[in-house]
Every structure is written in C-alpha cells, then in structure tokens.
1. Against the conditions (1) at negative phi; (2) part of a loop (DSSP other than H, G, I, E, B); (3) surrounded by 18 or more Cβ atoms within 10 Å (Cβ to Cβ), where does residue 14 fall short? Just the number, please.
2. Mind listing whichever residues of the range 65-93 are on the phi > 0 side of the Ramachandran plot and at pLDDT 95 or above?
3. If we keep just the residues of the range 100-159 that are on the phi < 0 side of the Ramachandran plot and in contact (Cβ under 8 Å) with a residue 60 or more places away in the chain, which is farthest from the chain's Cα centre (by Cα)?
4. Limited to the range 129-139, what total is found for residues that are in contact with a strand residue (DSSP E or B) (Cβ under 7 Å, 6 or more places away or on another chain), closer than 17 Å to residue 105 by Cβ and part of a loop (DSSP other than H, G, I, E, B)?
5. Answer yes or no as to whether residue 43 is closer than 17 Å to residue 85 by Cβ and crowded, with 20+ Cβ neighbours inside 10 Å.
6. Looking only at the range 85-105, count every residue that is in a loop (DSSP other than H, G, I, E, B) and buried (at least 22 other Cβ atoms within 10 Å of the Cβ) and tell me the total.
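The values are calculated or read from the model by the stated rules, or taken from the named source; none is laboratory data. Here the structure is a predicted model, which is why all the values come from computation and not from measurement. Reconstructed Cβ throughout: ideal geometry from the backbone, glycine too, with neighbour counts over all protein chains shown.
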C-alpha cells in the first residue's frame, strides 16, 4: 500500500490497516488516531509529530522509526518492535507497551506516565529525563538503560533486571533478528 492510499482511506473513515507494509513511509504530522495498524511494517517510517492516540499498533514493526514528538496517548503497543526507535519527547501516557521490544530506543524526555511496560525489553534504552510516574515496569529488562533524571514516583519496578550485562544479542519477539549493541 502506498502512503497516499492509506491517508485517503483513513480520510474516508476506514480504520483497519492490519498487516500493511509502509516501510520508510513519510507520515510526519499525520492524524491516524484510533486506526488499527496491528502487525503493520512501519520500520524506518517518519511518524514524527503524528497523532497516533488510541491507535492499535499491536505486534507492529517500528524498528528505527522516527516517532519523536508523536502523540501515542492510550495506544495499544503490545509486543511492538521499537528497536532503535526515536521516541524523544513522545507522549505515551496511558499506553500499553507490555511485551514491547525497546532495545536501544531513545525515550529521552518522553511522557510514559501511567504506561504499562510489563515484560518489556528496555536494554540500552535512553530513558533520561523521561516521566515514568505511576508506570508499571514489572518483569522488565533494564540492563544498561539510562535512567538519569527519570521521574519514578509511584512506579512499580518488581522483578526487573537492572544490572549491566552483555546480553544485547538475541532475536526480537517479532519481525527481525538483531545482533548488535546500542
């Protein structure tokens, strides 16, 4: 599917785009709120400043995408692949990121308040200056993550791995194999 076709169909009140392939698409500043993009391939896409509030991105591939300044309030990002994704200043408040793969993602100054990060992979992620107020991060991997200046009031961190380890190699839950370091 081409980018313009997606935007035209969305404008015509079509919301379901499961499994769509829009790798490296230019979607900066678009409104796709409440769309269903589950299992979509948006790797390398430019979604900076996009309105994705309430969007379903369950099991989507957003590897190396640009989501800086995007609004993902209340989005479903369960088991999403966000390896190396730019999420600087992104609003993820109330989003469900359980089981998400955020290795080496840049979440500098992102709003993650009230977010569910249960069983998320955050090895090497930059969470510096992020707001994690009232966030659930149970059973998550935080080895090598930068938590400098992170607001953690009311955050649940039980069963998290915080030690620096050399386990950055592995296979992402969905889409790609990854054998690198941040």
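1. The failed condition is (3).
2. So the first thing to find is which residues in the range 65-93 are on the phi > 0 side of the Ramachandran plot, and the list is 69, 74, 79, 84, 89.
Selection gives 69, 74, 79, 89.
3. Going through the qualifying residues, I end up with 103.
4. Within the range 129-139, the first condition is being in contact with a strand residue (DSSP E or B) (Cβ under 7 Å, 6 or more places away or on another chain), and the residues that meet it are 131-133, 136-138.
Add one more test, that the residue is closer than 17 Å to residue 105 by Cβ, and what stays is 131-132, 137.
With the extra rule that they be part of a loop (DSSP other than H, G, I, E, B), the set shrinks to 132, 137.
Within the range 129-139, residues that are in contact with a strand residue (DSSP E or B) (Cβ under 7 Å, 6 or more places away or on another chain), closer than 17 Å to residue 105 by Cβ and part of a loop (DSSP other than H, G, I, E, B) number 2.
5. So residue 43 passes the test.
6. Final tally of qualifying residues: 11.
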